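The values are calculated or read from the model by the stated rules, or taken from the named source; none is laboratory data. All of these numbers come straight from a predicted model, not from anything done at the bench. So basically every Cβ, Gly included, is an ideal-geometry build from the backbone, and we count neighbours across all protein chains shown. What goes into the accessible areas is simple: the full protein's heavy atoms, side chains included, and nothing from ligands, DNA or RNA. Shrake-Rupley method; radii C 1.70, N 1.55, O 1.52, S 1.80 Å.
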Amino acid sequence: MAVDTRDMQRALRAWAAGTFTRAVEEIGAELDRVVPVSEDQGGHGGEPGHLRAKQEISGRGLDATIRYRAHYASYTDEGTPPHVIEGNPFLAFYWPKVNAFVVLRSVNHPGTQGTRWWSTTMTDRTYG
């Protein structure tokens, strides 16, 4: 004699999918609270809060994912080493320190310190 467990399997899958969806939505809301918001997004072409506006939660159930549709999102989390930024062929921007519009072929960027906003939020999560 065998016991039919199909209804129990369906119920368990539905519960797991709903629980995972709620967890992803909760994490998305927490990331929205901790995502860095600067007064100046610099060369990233955004206004204050631009990175926050790039959060995307896609899929439902066990296929739900969170991503940020901004190429620099990982730089704000992990930081960057000092590096050269080169123009194509020039860089042009307003430089407040000298109160002037400047045109250069390249600049030495000092690098940035990461804020670990994504890493810390994702690592500190425990579901059980």
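Counting only C-alpha contacts under 8 Å and six or more residues apart, can you give the relative contact order of the chain as a whole percent?
22
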Among 78, 30, 86, residue whose mean-square fluctuation peaks in a GNM of the chain (springs only between Cα atoms under 10 Å): 86
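Percent of accessible area on the chain owned by carbon and sulfur, 1.4 Å probe? It would help to have the intermediate numbers written out before the result.
On the way: 5210 of 9570 Å².
Solvent-exposed carbon and sulfur of the chain make up 55 percent of the total.
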Value at 222 nm in deg cm²/dmol, rounded to 500, when DSSP H runs of n ≥ 4 in the chain each add -39,500 (n - 2.57): -11000 deg cm²/dmol
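Ignoring ligands, DNA and RNA, what accessible area per residue does the chain give at 1.4 Å, in Å²? Could the numbers behind the result be given before it?
Values: 9570 Å² over 128 residues.
Computed with neighbouring chains in place, this is 75 Å² per residue.
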On Cα atoms only, tilt of 6-34 relative to the major axis of the chain in degrees: 20
Spin-label model distance (nm) - residue 107 vs residue 74, 7 Å beyond Cα toward Cβ: 2.4
Solvent accessible area, Å² - residue 32, 1.4 Å probe, full protein context: 50
Candidate residues 8, 122, 1: accessible-area rank, largest first, probe 1.4 Å: 1, 8, 122
